[in-house]
1. Over all alpha-carbon pairs of the stretch 106-153, lay out the pair-distance distribution in 10 Å bins, whole %, shortest bin first.
2. Given R₀ = 45 Å, FRET efficiency for N265-S96 by Cβ-Cβ distance, to 0.05?
3. Hey, what's the Cα Rg ratio for the chain versus the globular rule of thumb, 2.2 N^0.38 Å?
4. How far is the Cα center of the stretch 197-232 from the Cα center of the stretch 149-196, in Å?
5. Taking only C-alpha pairs under 8 Å that are 6+ residues apart, what is the relative contact order of the chain in percent?
6. Show me 21-33, 178-190, 143-155 ranked by packing, highest mean number of other Cβ atoms within 10 Å first.
7. R0 = 25 Å: FRET efficiency of T153 with S127, Cβ-based, nearest 0.05?
8. Quick one: Cα convex hull volume of the stretch 170-301, Å³ per residue?
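Readers should treat all values here as calculations from the given coordinates under stated rules, not as data from a laboratory. Everything quoted here is computed from the prediction, not taken from an experiment. Cβ: placed from backbone, ideal geometry, glycine included. Neighbour counts: every protein chain shown.
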Amino acid sequence: MLSRKNKLLFLKVLSLFSVVRGHNILIIALAQYLASIYILAPDLPLRQVIFDLNLFMIVVASALVIASGYIINNFYDAEKDLINKPRKSMLDRLVSQRFKLSSYFVLNLLSVFAASYVSFRAVLFFSAYIFGIWFYSHKLKRVPFLGNFVSATLAISPFFVVFVYYKNFDTVIFVHAMFLFLLILAREMIKDLENMSGDMAQNYETIPILYGSKVSKLLISGLIVLTLIPSLLLITKFDVGQMHYYFMGCVVLLLLFLVLLLRSNSKKDYVWLHNILKLIIVVGVFSILLIDLGLVLNRIL
């Protein structure tokens, strides 16, 4: 049995993990490696990619910046989250705001230190990334659509830095990136519908608050229709191996999403829609393996 002191310590560790959304960071790190192996550097030996210290430092720096980004976002949204996410907010509050800010600065410092191993340009990139996340959380988050756009851009930045590292400019990579960007942007806008009560209480000027849920749904529908374009291109025009089955499933899910979006009128409905997009994104990470199921085995042998 854990003592009371150890239970409190365990809860605080759990709280910090909740604040930085550790599970999301692990998925992003995995996605960076899988994208490197299967999409960005498919001709390099597997060992050369996996044991590339520069790539490892880029992934570490990305993880640290993302964690610090979640912390500063949690710091600014503390009052709003009490309304939108009461259970998670109560867990997050086990860690003091002062400790969160201290962790934020330490994580950012460590990320720049990790980036310095790669190059001075990497230091500049991650420094700009840190500033971008802070500026978004502090100012841009309250600006309708621009805040959503910047948030989606920041979300794909960890993949952009790996893309630049490998200098692979194949068209298929841009199509993959557009698919992911549009999905994340639609997800950000669904979150605005989901969080309307808390946003209104904190005077956030989101699209559904300023223009109504119908306008917001129309914009989200447009984004989903646009997402179908790269999905169909990746199915018909590019060689993505068995991953074309994933994109075929995405087309079906996105069409279902549109139907459900038109019928949605409550927070519960928006949570379901949010989870559909989250499922597509997470499954997409593991579906990268479908590009060539024998690739890892062939490289090892």
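1. 27, 40, 27, 6
2. So the FRET efficiency works out to roughly 0.70.
3. 1.04
4. When both Cα centres are located, 17 Å separates them.
5. 20 percent
6. Details: 21-33: 16.5, 178-190: 22.5, 143-155: 18.5.
Per-residue Cβ counts within 10 Å, averaged per peptide and sorted highest first, yield 178-190, 143-155, 21-33.
7. Working: r = 17 Å, r/R0 = 0.66.
Result of the calculation: an efficiency of 0.90.
8. Expressed per residue, the convex hull around the Cα atoms of the stretch 170-301 is 115 Å³.
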